[in-house]
Amino acid sequence: MKIIRRIIHCMPKTYFLPEKSRSLLQKPWGKLLAGDTAQVASKYSKLLVQNKYPLIITVGDYCSHHLKSDIKIFDNKVQRRDFVSSHAFCLTVDNPAGTIQEQAWDAVKQAVEKPCNIRVNGEEDLLVIPAVLEAKTNTLVIYGLPNQGICCIKVTPAIKKTFRDFLKTSLTLEKR
């Protein structure tokens, strides 16, 4: 019997954040470090002294600019206002607001495998999800929570399950 192998190309996928799920993202995921810039920086420094993380990923311009990290994912905007950063980057992706484009997910995966920074044309907020899901256990993923501080997510199997469940139940998937 002859075995015929077929390569099936997956259609590009885009995840969309429906209006009904937006409020779910306003709560902190992980540990909230609250306060002004100086207070958050001090708490963050203490966190790094107390814990050794093999990889640190920051998502968002505020976090990427103010905090030490191995991978920075940014869009040159802070609270929808232009922000000029001097971060070197090796990947640029398009990712419109309220989406996770397949190209953006792939860029995050590539950056996790070989650390580099990603500049996003559009919005990087939802890229916290692929950052957590693609990262290895004990990686620290950080993102800003506007007017509150930063959220620090230590990647564990349990948090990955939480994020996979969120992806399945709260975002819509479109195949093109």
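Here are some notes:
- Of the residues contained in the range 23-38, one or more are found to be farther than 17 Å from LEU127 by Cβ, surrounded by 19 or more Cβ atoms within 10 Å (Cβ to Cβ) and modelled with pLDDT of 85 or more.
- Residues in the range 148-175 that are among the charged types (D, E, K, R) and in contact with a helix residue (DSSP H, G or I) (Cβ under 9 Å, 6 or more places away or on another chain): LYS160, ARG164.
- Scanning the range 57-95 for residues that are basic (Lys, Arg) and part of a strand (DSSP E or B), we see that the one that is modelled with the highest pLDDT is LYS72.
- Members of the range 63-76 found to be more than 13 Å from the chain's Cα centre (by Cα) and crowded, with 20+ Cβ neighbours inside 10 Å, listed by number: LEU67
- Some residue of the range 133-153 being closer than 24 Å to LYS20 by Cα, without any contact (Cβ under 8 Å) to a residue 40 or more places away in the chain, of a type in the set (A, V, I, L, M) and crowded, with 17+ Cβ neighbours inside 10 Å: yes
- Scanning the range 107-120 for residues that are within 21 Å of ASN76 (Cβ to Cβ), out of contact with any Pro (no Cβ under 7 Å at 6 or more places or on another chain) and in a helix (DSSP H, G or I) yields ALA107, GLN110, ALA111.
- A Cβ distance below 7 Å, combined with a sequence gap of six or more or placement on separate chains, defines the contacts here; from the range 33-57, residues that are in contact (Cβ under 8 Å) with a residue 60 or more places away in the chain and over 17 Å from GLY144 (Cβ atoms) reach residues that are of a type outside the set (Val, Ile, Thr) and crowded, with 17+ Cβ neighbours inside 10 Å in the pairs TYR53/LEU140; LEU55/ASP70; LEU55/ALA135.
The values are calculated or read from the model by the stated rules, or taken from the named source; none is laboratory data. Here the structure is a predicted model, which is why all the values come from computation and not from measurement. All Cβ positions, glycine included, derive from the backbone under ideal geometry; neighbour counts span all protein chains shown.
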